[in-house]
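The values are calculated or read from the model by the stated rules, or taken from the named source; none is laboratory data. Bear in mind the structure is a predicted one, so any value in this text is a computation, not a measurement. Cβ sites come from the backbone with ideal geometry, for glycine too, and all protein chains shown count toward neighbours.
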């Protein structure tokens, strides 16, 4: 109402004419605690002292005192011949105000900060998020929430990089670069040395060059291995993958450390003369190149060492289905107003779990569920735990039905039904659509598509959607092409066409599968 009245879309109105001088400056809306005091004085005859007690009750959100004052307020209004129903409505507005209100000076200070931060977020978005994330570097829940927000604003969040990262978050080409300070086992002194060396002598050319140039007394083996695991060398190291670097890190570090010591003593190796093209260490070490970690292992390393997933998320491939099946994301639960209990459906992955025994000897557990927006603690009571213990013990994405108590801070979730997301989604998928542009079709792609589809036989109908310009045509395939709608099938088909060509129809709604 405040905004609509301010912009002339609504007329200003007052329950009683006597309230106009009190509320006119805020368009008829109660905004400040001082207004509550003046309303109580004007309508109910409160003294300044009584009005201040009411203000404190509302300012500190003391519900019992607020209810106690309701009778006093209505009695005062009745003595002054104000309509009872309207008086109750006014008091209810005052009580609602208690959920958000401040005194005027406090509100002005907050408003100024809100305006300043809104301005920065609007006009200097990347820098705003870099500063915000840097202030919460050790709070993984906040970092996850802010990264999700940054991505919604079109900002890419990049992993740590030995040539671009500072200690805290920084902006690189309009995107956010993770600070090396977010990586476990990497100290601030080591990062300062890393930055100083590259600023003085140029960017690092690769893993060998890095180990030769940084001070290995401050950047130790654990720190370097952590940087490898989170992909900090991926941008400069072109010939070695993460697994090869990690498995050979001790050899490379020891060799580089010895060379640094020789250099300090003024000694020169005979081999130094034959290393111009490849760099000293690389020329003198022959490393066996190993098969790299798979994406799942890389993400696990990131979560272990940074507290969050950076280069991707295990839930990315389920994002479309999860959006359809969950009633809300976890961030929404934390931000929801209210003091009641709500039934919700949420999905995600268990990031940590602690099993305990009750006094009766029954098993239960406390688990952290994480989705793409944040985390929430789940308390699984014995009855639910006994029914779904095997589901909880795996590392598959889950979909949970249960209750959240909005009066608790921090919010906690109490599930009563727990299912594997993949299995639940497949049960509720009623159709699969493949969107294909006519100009991308050829006999080879159609044959490959046929082979993929036949490899996932099932019971769900498959439809081809042909797109040509602005026109679309649907071709239902016959019973010979009924499929088992798994994310793996979707991934293979998406590789043939584009990242979002496959859509699952879940509970009658279409969702993209990556």
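Quick notes on this structure:
- Checklist (1) crowded, with 17+ Cβ neighbours inside 10 Å; (2) in the same structural domain as residue 474 (by TED's automatic domain parsing); (3) without any contact (Cβ under 8 Å) to a residue 40 or more places away in the chain applied to residue 384, failing item: (2)
- Note on segment 454-496: residues that are surrounded by 17 or more Cβ atoms within 10 Å (Cβ to Cβ), within 20 Å of residue 440 (Cα to Cα) and out of contact with any strand residue (DSSP E or B) (no Cβ under 6 Å at 6 or more places or on another chain) total 3.
- Pick from segment 444-459, criterion out of contact with any helix residue (DSSP H, G or I) (no Cβ under 7 Å at 6 or more places or on another chain) and at pLDDT 85 or above, ranking: farthest from residue 488 (Cα to Cα): 444
- Here the condition is being surrounded by fewer than 16 Cβ atoms within 10 Å (Cβ to Cβ) and within 26 Å of residue 311 (Cβ to Cβ); of 225, 250, 237, it holds for 250 alone.
- Put simply, of 427, 447 the only residue that is exposed (fewer than 13 other Cβ atoms within 10 Å of the Cβ) and under 30 Å from residue 343 (Cβ atoms) is 427.
- Screening residue 151 against (1) in a helix (DSSP H, G or I); (2) out of contact with any strand residue (DSSP E or B) (no Cβ under 8 Å at 6 or more places or on another chain); (3) surrounded by fewer than 19 Cβ atoms within 10 Å (Cβ to Cβ) leaves a single unmet condition, (2).
- Of all residues in segment 158-193, those satisfying the criterion of being outside any loop (DSSP other than H, G, I, E, B) and farther than 13 Å from residue 134 by Cα are 158, 172, 175, 188, 189, 190, 191, 192, 193.
- Taking the criterion of being closer than 17 Å to residue 189 by Cβ and not in a helix (DSSP H, G or I), the residues of segment 208-231 that qualify are 214, 215, 216, 217, 218, 219, 220.
- Helices (runs of 4 or more DSSP H) contained in segment 239-316 and holding at least 2 residues within 21 Å of residue 187 (Cα to Cα) and modelled with pLDDT of 75 or more: 242-247, 249-264, 295-306
- Restricting attention to segment 336-381, the residues that are assigned to a loop (DSSP other than H, G, I, E, B), surrounded by 13 or more Cβ atoms within 10 Å (Cβ to Cβ) and either in contact (Cβ under 8 Å) with a residue 60 or more places away in the chain or in contact with a helix residue (DSSP H, G or I) (Cβ under 6 Å, 6 or more places away or on another chain) (or both) add up to 6.
- Helices (runs of 4 or more DSSP H) lying entirely in segment 1-95 (those with 2 or more residues that are under 41 Å from the mean Cα position of the chain (by Cα) and at negative phi): 2-6, 33-44, 48-59, 63-79
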